[in-house]
1. If you scan region 1-60, which residues turn out to be among the basic types (Lys, Arg) and not in a strand (DSSP E or B)?
2. Going by what's in this entry, would residue 62 be described as on the phi < 0 side of the Ramachandran plot, surrounded by 11 or more Cβ atoms within 10 Å (Cβ to Cβ) and at pLDDT below 95?
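The values are calculated or read from the model by the stated rules, or taken from the named source; none is laboratory data. Computed from a prediction, not measured in an experiment: that's the story for all the values here. Cβ placement follows ideal geometry from the backbone for every residue including glycine, while neighbour counts extend to all protein chains displayed.
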Amino acid sequence: MAVRFKALSPMLQSSDLRRTIDWYEQVLGFRCAGSVEGWCRLARDGVALMFMTNAHLGPPQSTATQYIDVDDVPALWAAIKDRVSAEWGPEEMPYGMLEFAIRDPDGYLLSFGQPVARTDSRKPGRTAAQPDRA
């Protein structure tokens, strides 16, 4: 297929767009990259999330985790830990990522992770964050 997929931007329901925008800007450093009545797009670096209000969809809900790769989990956690509660972590996961997770005001689970450079005992010279592709 010649078509390239360029980005994935989740569209999430918000119970209060102003509160959502404020929280993502103040806690996580996102900026509002666009908005119209009942919709906004929030962005930071290469990450974008869209939010909408549609009463016919009911209250915000999700069984998914919005997973955001970052380059410095400890620094991010240090910057926000006084304003959020951790659902888990920061902790090293068995699949080779250092992660923590928080919830936004609508209850969406946001997980932040980075690869951990540690030797994987199954393959000499490999790290857990670099799976064997053979």
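1. Within region 1-60, 4, 6, 18, 19 meet the criteria.
2. In short, yes.
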